[in-house]
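Below: the structure, in structure tokens.
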There are 2 protein chains.
Amino acid sequence: MSSQTKFKKDKEIIAEYEAQIKEIRTQLVEQFKCLEQQSESRLQLLQDLQEFFRRKAEIELEYSRSLEKLAERFSSKIRSSREHQFKKDQCLLSPVNCWYLVLHQTRRESRDHATLNDIFMNNVIVRLSQISEDVIRLFKKSKEIGLQMHEELLKVTNELYTVMKTYHMYHAESISAESKLKEAEKQEEKQFNKSGDLSMNLLRHEDRPQRRSSVKKIEKMKEKRQAKYSENKLKCTKARNDYLLNLAATNAAISKYYIHDVSDLIDCCDLGFHASLARTFRTYLSAEYNLETSRHEGLDVIENAVDNLDSRSDKHTVMDMCSQVFCPPLKFEFQPHMGDEVCQVSAQQPVQTELLMRYHQLQSRLATLKIENEEVRKTLDATMQTLQDMLTVEDFDVSDAFQHSRSTESIKSAASETYMSKINIAKRRANQQETEMFYFTKFKEYVNGSNLITKLQAKHDLLKQTLGEGERAECGTTSRRDGRLRLPHFPWLSCPPAPHFVPHPAFQGRRNARTRNQDSGQAIPLVVESCIRFINLYGKRCLS
Amino acid sequence: MSSQTKFKKDKEIIAEYEAQIKEIRTQLVEQFKCLEQQSESRLQLLQDLQEFFRRKAEIELEYSRSLEKLAERFSSKIRSSREHQFKKDQCLLSPVNCWYLVLHQTRRESRDHATLNDIFMNNVIVRLSQISEDVIRLFKKSKEIGLQMHEELLKVTNELYTVMKTYHMYHAESISAESKLKEAEKQEEKQFNKSGDLSMNLLRHEDRPQRRSSVKKIEKMKEKRQAKYSENKLKCTKARNDYLLNLAATNAAISKYYIHDVSDLIDCCDLGFHASLARTFRTYLSAEYNLETSRHEGLDVIENAVDNLDSRSDKHTVMDMCSQVFCPPLKFEFQPHMGDEVCQVSAQQPVQTELLMRYHQLQSRLATLKIENEEVRKTLDATMQTLQDMLTVEDFDVSDAFQHSRSTESIKSAASETYMSKINIAKRRANQQETEMFYFTKFKEYVNGSNLITKLQAKHDLLKQTLGEGERAECGTTSRRDGRLRLPHFPWLSCPPAPHFVPHPAFQGRRNARTRNQDSGQAIPLVVESCIRFINLYGKRCLS
């Protein structure tokens, strides 16, 4: 470096150094402020969360109580009415079962929301307040450690300042020693030149010893100054070395602080905050997920009951409950008049011809009637199918109403347009009732037809038997009817098979009626059930 | 049948018949009553369900409003405070993100419960009232058909009564004709015996023609009675046949009614009831299931945010936001004094020996210090591990509180004993804070040690370089430090590697810290980030 460079003055260097130190001190203060602000934000967040969960807990409790009250209102009504009407739960009809399960679910939801309240109040909020304590305590401790770190930094920079000043001092002394040395050298040179001039012009003898002592004096001073300079230069070198070493140490210490210690300090403040907060949120989530699971289980139970809504089984239950009302009465027996010994249709002449004619008439009439009634039945079945399609239309999916992508307003209107628009409902219902009317008209027609067929068929069968018996009697066979039992007859066992014994699935109120129909050649079980009912009622009386 | 059997009198037969008819009539009336009662129960059920869903809808709306108010209270607070503090959402810290999502979820729940209200009021209840209409209408129509069926039955039994009476009449006439015939036969026989007696005793001639006409008269009467008897017997046979045929028809008709028609009648009443009710329940279930799905989605979002609670990332966010506060300051530069041309540690004699000695002293001191500090670090790590285990204990599962097998009371107490008993909490916290204290003591010790090491290491390294340079300078190599850049130094790049650069997982607040640590040789990214911060702040100033 040449002397042409304008040197920084000491004061400038000190000012620059002090400015740099001031900047660092400001940063350190700001860092504390930042940590403090962070802690305060956390405390504020924790307080907000506590307030939130306290209020949420209240809301859950209110909700729970409302649900409980609602369930209790109907449950108590059921308890009081049930004691009058039914004694056993076996008689529970499937729609009533659904209703009880809905109430059960309401009570379950009530309990679950009360549990939510309990967990929020006695767990989540407690955790949050503990985290608040932790944040305060950790901030204090971290600040303590931070202050120690800052003190260490300031100590290091103070040392740097000291060694820098020392270097400046020794370097200044070294410069001054150097300049003094140079001055001495200059004087020596001047003396040397002066003595050369004199020896050339006139030599004044008396002057010589005086000059020699002067030269000696200058030389001595130069030597002294040389020594002083060397001493100062060494001191300066040592001081510079010290300065440079301290500079490296200071820079390393500051680097370490900014790169590692500040980060560690923040970590100290953070210690466990995220983990504890996560556990708190997970407690909240666990509660909410469990509520959901419980709710889901309850809904599944209801769904199962809805799947089992079964009009056929309910019908049997009702008929069993009122078995005396639905039990077929005793068959009308032939009452022989005044010891009349003939108890059967008599087919001897002269009535035989007439009966035979009547039999054939009945046969052809029945054939016609059956064809006609079969046509009615087909129409009836088709109408029922149409009706069934209307009654089991899957119009109950309300997922659309829960789409959150759109705004609340547009959802609601969209939903009500889709699933329950008044025009659609009116149309559907009008259509349904029209079909229903037609169905009933056809049903009446069919019942009338089948009534007539039943009666004529009974006569026809009796005539056929009678006329056939006459023939068989000639071949020596004995009619089964002759060995008449005194046991009660089960008249329905001998009546013609029901023309529409396969139950209409629409009567069953089930979504997948087909799975149910597979195992229902129901006509026979129905008959068997009637038999059992009948035997229970009349069996002993008749058999005794 | 012999005449020894005591015949039933006509009156008895009629009385029995009428009793049987009366019994049937009573059953028919009771059947209607039963159908009516069934319909009434259904209407009552439907009314209860409507009332239930109306009240449930109200409860849902109250709940929805409370939740909305709760969310709004905090959201508005955030809106107003956020405008002051932050401008961008990028600076969202992970706990704040969780908090916002909890609020978002609250709003979502509010909306969903409002939707529930909407569906109950405008769909479920509407359906229920329609089913009520259907029940009333179908009961009326079914009763109409039932009445027709009953009329038909009564018609059939009346016919039976008529033909039975006819049979009785003709049979009575037949009996009377038979007895008259028998009387005539008796008279004829008497006459025949009388005439035999006379012819044996004395034949009075004048008496003969008188007797002959009497015999003829009797014979004529007998023939007449014979004819009458045959005629009546035929009429009786026909009437009996008619009676028997009608008996069969009547029994068949009654059987048909009891076996099929009553069942069909109930089916008519039931028509679509179960199906429509099922659809109504399914609408309710669809709403509840959809609410649940929506709730679940929202909870999953929160859970994801909780998984992403990350102290490290938050720390960087905060340091980025306050980059001026955390940016490492400019390195202290060597300030040459008054044009001092020596800017490096001088290692010429006479200081070389001293420096060399100092270098070796530093080397051995550092070795000792590093061993000591490594021991402290190991204790620190072990303590942190213990602390981490405490902080990440999985104590947030509250499933037990939602077990419904036990009674409500026992659940609550059991739950609070398990997951948040006060004694357990106090123990845990005391233990945690003790460990924390120990950790901080060790941490201070470690920081002090590493501070000293950092400074001594810097001096050591500079000395090593200086002394080595002296040697290398002799071999003609040029030190890299000689070609000094005027660019700012990144002092941290030359500082010793952080002794504990692997981040402590407990600082992260994550459940499975291991997955995170795998991709975090974090020390380098941290340095790189610091560089970028530094360049952003000082880069232009320094490079210009």
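All of (1) assigned to a helix (DSSP H, G or I); (2) within 11 Å of chain A (Cβ to nearest Cβ) hold for B:V376 with one exception: (2). Is one or more of the residues making up the stretch A:273-289 more than 7 Å from chain B (Cβ to nearest Cβ) and within 57 Å of the chain's Cα centre (by Cα)? Checked against the condition, which is being more than 7 Å from chain B (Cβ to nearest Cβ) and within 57 Å of the chain's Cα centre (by Cα), the stretch A:273-289 yields at least one hit. Looking across B:C269, B:C236, one residue alone is buried (at least 22 other Cβ atoms within 10 Å of the Cβ), touching a Phe, Trp or Tyr at 6+ places or on another chain (Cβ under 8 Å) and farther than 29 Å from A:D389 by Cα. It is B:C236.
Of the residues examined, A:E72 is one that is away from every other protein chain (no Cβ under 11 Å), at pLDDT 95 or above and assigned to a helix (DSSP H, G or I).
The number of residues in the stretch A:354-373 being more than 30 Å from B:G272 (Cα to Cα), touching a residue at least 40 places away in the same chain (Cβ under 8 Å) and either within 13 Å of chain B (Cβ to nearest Cβ) or in contact with a Gly (Cβ under 6 Å, 6 or more places away or on another chain) (or both) comes to 6.
Here is the figure for the stretch B:25-49: residues that are open to solvent by less than 30 Å² (accessible area, probe 1.4 Å) and within 28 Å of A:W99 (Cβ to Cβ) total 10.
Among the conditions (1) modelled with pLDDT of 90 or more; (2) open to solvent by 20 Å² or more (accessible area, probe 1.4 Å); (3) over 24 Å from B:I21 (Cβ atoms), the only one that B:M169 does not satisfy is (3). Taking the condition part of a helix (DSSP H, G or I) and open to solvent by 10 Å² or more (accessible area, probe 1.4 Å), does A:Y258 pass? Against the criterion (part of a helix (DSSP H, G or I) and open to solvent by 10 Å² or more (accessible area, probe 1.4 Å)), A:Y258 does not qualify. Out of (1) within 30 Å of A:N448 (Cβ to Cβ); (2) open to solvent by less than 50 Å² (accessible area, probe 1.4 Å), what's the single condition that is false for B:E144? Among (1) within 30 Å of A:N448 (Cβ to Cβ); (2) open to solvent by less than 50 Å² (accessible area, probe 1.4 Å), B:E144 violates only (2). Within the set B:V351, B:V342, the sole residue that is over 21 Å from B:L93 (Cβ atoms), modelled with pLDDT under 95 and open to solvent by less than 40 Å² (accessible area, probe 1.4 Å) turns out to be B:V351. Given the condition free of Cβ contacts under 8 Å to residues at least 24 places away in the same chain and at the interface with chain B (Cβ under 7 Å from one of its Cβ atoms), answer yes or no: does some residue in the stretch A:295-302 qualify? Looking through the stretch A:295-302, at least one residue is free of Cβ contacts under 8 Å to residues at least 24 places away in the same chain and at the interface with chain B (Cβ under 7 Å from one of its Cβ atoms). Scan the stretch A:330-345 and give yes if some residue there is closer than 30 Å to A:L463 by Cα, among the small types (G, A, S) and not in a helix (DSSP H, G or I), otherwise no. Taking every residue of the stretch A:330-345 in turn, at least one turns out to be closer than 30 Å to A:L463 by Cα, among the small types (G, A, S) and not in a helix (DSSP H, G or I).
None of B:D261, B:D267 is within 30 Å of A:L452 (Cα to Cα), facing another protein chain (nearest Cβ under 7 Å) and without any contact (Cβ under 8 Å) to a residue 12 or more places away in the chain except B:D267. For the stretch B:316-333, filtering for residues that are open to solvent by 10 Å² or more (accessible area, probe 1.4 Å) and in contact (Cβ under 8 Å) with a residue 40 or more places away in the chain leaves 9.
The residues of the stretch B:122-140 that are open to solvent by 40 Å² or more (accessible area, probe 1.4 Å) and either within 10 Å of chain A (Cβ to nearest Cβ) or at positive phi (or both), listed by number, are B:N122, B:V126, B:E133, B:R137. Sub-7 Å Cβ pairs linking a first residue in the stretch A:31-43 that is among the small types (G, A, S) to a second residue that is open to solvent by less than 50 Å² (accessible area, probe 1.4 Å), at least 6 apart or interchain, are A:S39/A:V135; A:S39/A:F139; A:S39/A:C269, ordered by first then second residue.
Of all the residues in the stretch B:29-79, those that are under 30 Å from A:L45 (Cα atoms) and not acidic (D, E) number 16.
On the given criteria, is B:V393 within 23 Å of B:Y439 (Cα to Cα) and either β-branched (V, I, T) or facing chain A (nearest Cβ under 7 Å) (or both)? Judged against the criteria, B:V393 is a match. Taking the criterion of being open to solvent by 20 Å² or more (accessible area, probe 1.4 Å), in a helix (DSSP H, G or I) and more than 30 Å from A:L101 (Cα to Cα), the residues of the stretch B:284-315 that qualify are B:V301, B:E303, B:N304, B:D307, B:R312, B:S313.
Can you spot a residue in the stretch A:85-97 that is more than 10 Å from every other protein chain (Cβ to nearest Cβ) and either touching a helix residue (DSSP H, G or I) at 6+ places or on another chain (Cβ under 7 Å) or under 30 Å from A:I24 (Cβ atoms) (or both)? Yes, the stretch A:85-97 contains at least one residue that is more than 10 Å from every other protein chain (Cβ to nearest Cβ) and either touching a helix residue (DSSP H, G or I) at 6+ places or on another chain (Cβ under 7 Å) or under 30 Å from A:I24 (Cβ atoms) (or both).
Among the residues of the stretch B:288-299, those that are of a type in the set (D, E, K, R) and within 12 Å of B:R108 (Cβ to Cβ) comprise B:R295, B:E297.
Taking the conditions (1) aromatic (F, W, Y); (2) surrounded by 22 or more Cβ atoms within 10 Å (Cβ to Cβ); (3) farther than 30 Å from A:Y439 by Cβ; (4) at the interface with chain A (Cβ under 7 Å from one of its Cβ atoms) in turn, B:Y243 satisfies each one other than (4).
The values are calculated or read from the model by the stated rules, or taken from the named source; none is laboratory data. Computed from a prediction, not measured in an experiment: that's the story for all the values here. When we count neighbours, we look across all protein chains shown, and the Cβ atoms used for this are built from the backbone with ideal geometry, even at glycine. Side chains are part of the model used for accessible areas, which takes the heavy atoms of the whole protein and leaves out ligands, DNA and RNA. Shrake-Rupley method; radii C 1.70, N 1.55, O 1.52, S 1.80 Å.
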